[in-house]
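K.L.:
I'd like to ask you about the structure that follows.
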Amino acid sequence: MANYLLIDFGSTFTKLCAVNSEKCEILGTASDFTTVETDITEGYQKALSKLFEKIGNKIKFEQVIACSSAAGGLKMAAIGLVKELTVEAAKRVCLGAGAKVDLVFSHHLNQSEIQQIITGKIDIVLLAGGSDGGNSEAVIYNAEILGKSGIKIPVVFAGNKSAQDQITEIFNKYNMNGHICDNVMPTINVLNITSAREKIREIFLKQIIEAKGIKKIENDINRVILPTPLAVLDAAKLLSEGYLEEEGLGEIVVVDIGGATTDLYSICSSSKRSDVIIQGLEEPFAKRTVEGDLGMRYSAPGIVKSLSEREINFINKEKGVDIVSEVNRRYSNVKLLPENNHDEFVEQFLAEMCAYRAMHRHCGRINEVLTPMGKVFNQVGKDLSDVSYVIGTGGVVIKSKKQYDILKQTTNILHNPSELRPNDPEFLVDHEYIMAAMGLLSKIDPMVALKIMKKHISHIRGRQDETSK
Amino acid sequence: MKTIVIGVIGADVHAVGNKIIEYTLSKSGYNVINIGVLSSQEDFINAAIETNADMIMVSSLYGHGEIDCRGMRDKCIESGIENILLYVGGNIVVGKQDFTEVKQRFIEMGFNRVYPPGTSIDEALTDFKTDLGE
Ligand code: B12
């Protein structure tokens, strides 16, 4: 009998998922509040008792592994040279490593930016800049100024390879916690994620987890292996690609609407068309974007921030709510649970806005250029038109009575016909909230993780009839 | 090795000459960064900054070169690569205009060298060598 316990120390909830690998079954799930401020074991023990209660008895686990986004998650600063190139590449590497990118800087750093890195409680700095053989002046300047500031947090250098030796010297000279890896953009518009991402993961395991108060729980669990978003990304990749003879779902999009952020994952190629000219930095096949201003609680005010007064009045009248006070209520009480129809109605509306907006920022755009030979298309970003499935996860999606209406927003082109949103996907929901857990399980037993996901990530509730489609 | 950024500016999709230029320059011993067709001024400048390029070579074939190139030197100055060599060639304006005037206008815009239609890359190679101090 192989029983595994998979834990997600989230920012608000500690979520447990017990799995039996022989039967390919979920034995049970349970959750309680994350208690990282006091002692993380408290919340964990509470959730564990609930879990045992549900299962009916105390069972032994072969392995207990966890992912974490507690205590602010993995907070990174991405530094590059030019905004559209190495800055963007550095940002994508951080996001692909499951980090929150709190700070983004370009060109030469100044003292105020250095201060922001220090006061912003950044966990890791990713320093990029220059293609291989290209500009090395900027990264050397930036390494030097970071060194002089006495920063002790890990600095990962992933810039121009020709500058590596000088950067190593600077790391040594200032006794920095420095790490060298491959350039995130070795040549113009080519993205190289792997080396830097693995380095970030390694540092997260060795150095960050301790600082996040998770060390305390080390005796109870075997290991914390991933930042939570990376676990979700790994799960999404597995579900899309399949494993050995077990087929995956093909190209997918996952939308995860949380309290603090809305995360979007797309597992697909940039374009399948031969009549487009693709511009800009190469897109990762497995791409994650994070919207720090779109969330159901901490970030609820962000949802209305970009609306004009007219739009707010329109919504208030149309929906019969006071949207500004509703988002503020959620912001000031992040533990709020919907109590009545009115609350549910507002939750639904906010979730729809998050899904719509997050996709607006994630998907690519296409424009026509006319020639006598016909149209030529110019594409920037990823073309999601052909993805087969859009999968919803996160508390608000799972609890919603109208899941279709939330997920449908990811395909809503509205006023932007140039947006390459999913065209006609099927909608699925992670009803048991297991994606992060399955990302963890995929590290031990990918086959079981895949089979469980295929069984439990299933059709939506509240599908509208065809006319409203 | 000297680095040259090449590409076709504006909404211009003429791709054939661009490939020939890449081939010729690479064979002549340059590190060529080809950003391809449909490239904006910013695309050229960004690539030049990241690669620490010595020269930007703009192609324009469809006749709107003058509009597409306007202000490019100013952007280079703003971006800290004020001394980079700027070349332009192809069919940079519409029809048969007096090229000395055309050339003068591009020189005033800050281009170092301006080539009339029909100039091949091989013909321009000696200018590169002089300007790059080789
Ligand atoms: C093929 C072609 C097309 C194809 C392009 C296919 C493709 N994706 O490549 C299609 C059909 C799409 C097309 C469309 C158009 N085209 Co067209 N096209 C041509 C054609 C017939 C050949 C171009 C070519 O490939 N030449 C071969 C290559 C090797 O030569 P090249 O491009 O000139 O490049 C060489 C030199 O110019 C030089 N060079 C280039 N850049 C630089 C830079 C420097 C610094 C130096 C030193 C040298 C240099 O070196 C290159 C290599 O040897 C030319 C006519 C011609 N014979 O040139 C018209 C031509 C370029 N097109 C023309 C026009 C007007 C158009 C359209 C606007 C037509 C329309 N009304 O819609 C559209 C524009 C589309 C767009 N948005 O870009 C005009 C331009 C007129 C002008 N500038 O005054 C031309 C000259 C035809 C004409 N005589 O009217 N076109």
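The numbers here are math on the coordinates, done by the rules we state, and not lab data. Please read all numbers here as calculations on a predicted model, not as lab measurements. For neighbour counting, all protein chains shown are included, and Cβ atoms are generated from backbone atoms with ideal geometry for every residue, glycine included.
K.L.:
Simple spin-label model, 7 Å along Cα-to-Cβ: A:ASN313 to A:GLU344 in nm?
P.N.:
3.3 nm
K.L.:
Could you give the DSSP H helices of chain B that reach 30 angstrom or more along their long axis (alpha carbon positions) and whose average Kyte-Doolittle hydropathy is no lower than -1.0?
P.N.:
Answer set is empty.
K.L.:
So what's the gap between the Cα centers of the stretch A:411-429 and the stretch A:12-59, to the nearest angstrom?
P.N.:
36 Å
K.L.:
Among B:ILE45, A:LEU428, B:LEU125, pick out the residue whose Cα is farthest towards the positive end of the charge dipole of the protein assembly as shown, where Lys and Arg carry +1 and Asp and Glu carry -1 on C-beta, about the Cα centre.
P.N.:
Farthest along the dipole direction, towards plus: A:LEU428.
K.L.:
Assign one of three labels to the stretch A:231-467, namely rounded, prolate or oblate, based on the Cα gyration tensor with a ≥ b ≥ c the square roots of its eigenvalues; rounded applies when a/c is under 1.5, prolate when it is not and a/b is larger than b/c, and oblate otherwise.
P.N.:
Numbers: a/c = 1.95, a/b = 1.15, b/c = 1.70.
Oblate is the answer for the stretch A:231-467, as a/c is 1.5 or above yet b/c matches or exceeds a/b.
K.L.:
When the dipole is taken about the Cα centre of the protein assembly as shown, and only Lys, Arg (+1) and Asp, Glu (-1) are charged at their Cβ, what size is it in debye, to the nearest 20?
P.N.:
1320 debye
K.L.:
How much length is gained if the chain between A:LEU414 and A:LYS152 is pulled fully straight, taking 0.36 nm per residue apart and subtracting their Cα-Cα distance, in nm to one decimal? Please report the intermediate quantities before stating the final value.
P.N.:
Values: separation 262, 0.36 × 262 = 94.32 nm, distance 4.76 nm.
That works out to 89.6 nm of additional length.
K.L.:
Assigning unit charges at the beta carbon (Lys, Arg +1; Asp, Glu -1) and nothing else, what dipole magnitude in debye, to the nearest 20, does the stretch A:231-467 show about its Cα centre?
P.N.:
380 debye
K.L.:
Could you sort B:104-112, A:391-399 so that the peptide with the highest average Cβ count within 10 Å comes first and the rest follow in order?
P.N.:
Put in order of decreasing packing, that is A:391-399, B:104-112.
K.L.:
A follow-up question, please. Please state the shape class of the stretch A:75-207: rounded when a/c is under 1.5, otherwise prolate if a/b exceeds b/c and oblate if not, all from the C-alpha gyration tensor.
P.N.:
Working: a/c = 1.28, a/b = 1.10, b/c = 1.17.
Note, shape of the stretch A:75-207 comes out rounded.
K.L.:
With the dipole of the stretch A:97-243 worked out from charges on the C-beta (+1 for Lys and Arg, -1 for Asp and Glu) around the Cα centre, which of A:ILE140, A:VAL156, A:ILE208 lies farthest toward the positive end?
P.N.:
The one lying farthest along the dipole's positive direction is A:ILE208.
K.L.:
If you don't mind, another one. What is the total of Lys pairs in chain B with C-alpha atoms under 16 Å apart, excluding same-chain pairs fewer than 8 positions apart?
P.N.:
Working: B:LYS2/B:LYS27; B:LYS2/B:LYS129; B:LYS19/B:LYS27; B:LYS27/B:LYS129.
For chain B, qualifying lysine pairs total 4.
K.L.:
Right, here's the next one. Return the lysines within reach of A:LYS148: Cα separation strictly under 16 angstrom, same-chain partners fewer than 8 residues apart disregarded; answer none if there are no such residues.
P.N.:
Those lysines meeting the cut-off are A:LYS173.
K.L.:
Using the crude model of +1 on Lys and Arg Cβ and -1 on Asp and Glu Cβ, and no other charge, please compute the dipole size for the stretch A:75-207 relative to its Cα centre, in debye to 20.
P.N.:
460 debye
K.L.:
Also: Taking each residue in B:33-39, count the Cβ atoms of any other chain within 10 Å of its Cβ, then average. What number comes out?
P.N.:
4
K.L.:
Now, a different point. Run the reach check for A:LYS212 against aspartates and glutamates, Cα to Cα strictly under 19 Å, same-chain hits fewer than 8 apart removed. What comes back?
P.N.:
Of all the aspartates and glutamates, those that pass the test against A:LYS212 - Cα under 19 Å, at least 8 places apart if same chain - are A:ASP8, A:ASP32, A:GLU37, A:ASP39, A:GLU42, A:ASP102, A:ASP123, A:GLU202, A:ASP220.
K.L.:
Straight-line reach only, C-alpha to C-alpha below 13 angstrom: list the aspartates and glutamates that A:LYS199 could link to, leaving out same-chain residues fewer than 8 apart.
P.N.:
Filter leaves A:ASP182.
K.L.:
Compute the Cα gyration tensor for chain A, then decide on rounded, prolate or oblate, letting a ≥ b ≥ c be the square roots of its eigenvalues: rounded whenever a/c is under 1.5, prolate when a/b is larger than b/c in the other cases, and oblate in all that remain. Walk me through the intermediate numbers first.
P.N.:
Numbers: a/c = 1.45, a/b = 1.11, b/c = 1.30.
In terms of gyration-tensor shape, rounded.
K.L.:
Along the Cα→Cβ direction, 7 angstrom out, place labels at A:GLU22 and A:ARG329. What is the inter-label distance in nm?
P.N.:
Taking the simple label geometry, A:GLU22 and A:ARG329 are separated by 5.1 nm.
K.L.:
Post the alpha-carbon centroid distance, the stretch A:287-307 to the stretch A:129-167, in whole angstrom.
P.N.:
32 Å
K.L.:
Can you tell which of A:GLN348, A:ILE406, A:PHE377 lies farthest toward the positive end of the dipole of the stretch A:231-467, using +1 and -1 charges on the Cβ of basic and acidic side chains (Lys, Arg; Asp, Glu)?
P.N.:
About the Cα centre, the residue reaching furthest to the positive side is A:GLN348.
K.L.:
Which entries in the list A:LYS161/A:LYS272; A:LYS23/A:LYS272; A:LYS100/A:LYS319; A:LYS15/A:LYS206; A:LYS58/A:LYS237 go over 27 Å, if you measure between the two C-alpha atoms of each?
P.N.:
A:LYS161/A:LYS272; A:LYS23/A:LYS272; A:LYS100/A:LYS319; A:LYS58/A:LYS237
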